[in-house]
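A.B. asks: Starting off with a structure, shown below.
The values are calculated or read from the model by the stated rules, or taken from the named source; none is laboratory data. Since we're looking at a predicted model, the values are computed, not measured. Backbone-built Cβ (ideal geometry, glycine too); neighbour counts: all protein chains shown. Only protein heavy atoms, including side chains, enter the accessible area calculation; ligands, DNA and RNA are left aside. Shrake-Rupley method; radii C 1.70, N 1.55, O 1.52, S 1.80 Å.
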Amino acid sequence: FFDNYEFQQLVVSVQAEGVIQPIIVRSVADGNGYWVVAGERRWRAANEAGLTEIPAVVRNLSDREARLIATVENSQRADMSPAEEAVAARDVLTDCGGDKSEALRLLGWSGVKFDARLLLLHAASEVLNALTERKIKLGHAELLSQLPSDFQTATLAKILENGYSVAELKSRLASFALELSKATFDKTGCNGCPH
């Protein structure tokens, strides 16, 4: 997701100063061109600004290495949405062979943030899109991700229509949900479950 106002500010900066930090690229398999690995926003801003040349570092990278570099760089952007962070957490964890401590090291995140972002992966795509487009807040998405998918999309429509705050949504969900802590069955298997 590229916020148009922020992107236009980057274009103005690139027009005035050029691209200061080189992008990272790798050769296309057939040798005719390059794939942008890291720095897509800078590359797009340079195109928009009419630049025909920008600084780039060419690296010989495997698909896995390229994906990891791109994901780690993107995760360090201040404007990365939580939905994008959720995908980044999953991708880095996968590329680290499931080694959570290595994924945390590469991302520079706390375990709490990492786990919270992974739980967002249970959100319906409509919820994640609304979060990325800043139509709802992170708290909305976290609450919605605990619901079955069909309830998520129906509830999202009501949030957008009525402008419910996170507190109002939490209150409404509490009116028909039961607290797990009050359940009389063995809850051991519930640890880590987003529902």
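A.B. asks: Evaluate the following for N74: is it more than 29 Å from L120 (Cβ to Cβ), open to solvent by 30 Å² or more (accessible area, probe 1.4 Å) and not hydrophobic (A, V, I, L, M, F, W, C)?
C.D. replies: In short, no.
A.B. asks: Between a first residue in segment 35-48 that is under 18 Å from R59 (Cα atoms) and among the hydrophobic types (A, V, I, L, M, F, W, C) and a second residue that is assigned to a helix (DSSP H, G or I) and at pLDDT 90 or above, which pairs have beta carbons less than 8 Å apart while being 6 or more apart in sequence or on different chains?
C.D. replies: Between residues of segment 35-48 that are under 18 Å from R59 (Cα atoms) and among the hydrophobic types (A, V, I, L, M, F, W, C) and residues that are assigned to a helix (DSSP H, G or I) and at pLDDT 90 or above, the close pairs are V36/W43.
A.B. asks: Need the failing condition index for V92 against (1) in contact (Cβ under 8 Å) with a residue 40 or more places away in the chain; (2) touching a Ser or Thr at 6+ places or on another chain (Cβ under 8 Å), just the number.
C.D. replies: All conditions are met except number (1).
A.B. asks: Only residues that are surrounded by fewer than 16 Cβ atoms within 10 Å (Cβ to Cβ) and either acidic (D, E) or at negative phi (or both): list them for segment 154-166, please.
C.D. replies: Selection gives A154, A157, K158, L160, E161, N162, S165.
A.B. asks: Among the residues of segment 144-165, are any in contact (Cβ under 8 Å) with a residue 40 or more places away in the chain, assigned to a loop (DSSP other than H, G, I, E, B) and within 15 Å of A130 (Cα to Cα)?
C.D. replies: Yes, the conditions are met somewhere in segment 144-165.
A.B. asks: Look through A56, A45 and report the one residue that is at pLDDT 90 or above and in contact with a Pro (Cβ under 6 Å, 6 or more places away or on another chain).
C.D. replies: From the options A56, A45, the qualifying one is A56.
A.B. asks: Same structure again: Looking only at segment 128-148, which residues are over 12 Å from the mean Cα position of the chain (by Cα), under 12 Å from A86 (Cα atoms) and either open to solvent by 60 Å² or more (accessible area, probe 1.4 Å) or modelled with pLDDT under 90 (or both)?
C.D. replies: Selection gives E142 alone.
A.B. asks: Among the residues of segment 167-190, are any surrounded by 12 or more Cβ atoms within 10 Å (Cβ to Cβ) and touching a Pro at 6+ places or on another chain (Cβ under 8 Å)?
C.D. replies: Within segment 167-190, not a single residue is surrounded by 12 or more Cβ atoms within 10 Å (Cβ to Cβ) and touching a Pro at 6+ places or on another chain (Cβ under 8 Å).
A.B. asks: Would you point out which residue out of L138, L180, L173, L93 is closer than 30 Å to D63 by Cα and touching a helix residue (DSSP H, G or I) at 6+ places or on another chain (Cβ under 7 Å)?
C.D. replies: L93
A.B. asks: In the list G31, G50, which residue meets the criterion of being modelled with pLDDT of 90 or more and not hydrophobic (A, V, I, L, M, F, W, C)?
C.D. replies: That would be G50, the only listed residue that is modelled with pLDDT of 90 or more and not hydrophobic (A, V, I, L, M, F, W, C).
Table: residues versus (1) open to solvent by less than 50 Å² (accessible area, probe 1.4 Å); (2) over 29 Å from R134 (Cα atoms).
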{"site": "S13", "(1), (2)": "no, no"}
{"site": "V25", "(1), (2)": "yes, yes"}
{"site": "A38", "(1), (2)": "yes, no"}
{"site": "N47", "(1), (2)": "no, no"}
{"site": "L51", "(1), (2)": "no, yes"}
{"site": "I54", "(1), (2)": "yes, yes"}
{"site": "N60", "(1), (2)": "no, yes"}
{"site": "G97", "(1), (2)": "no, yes"}
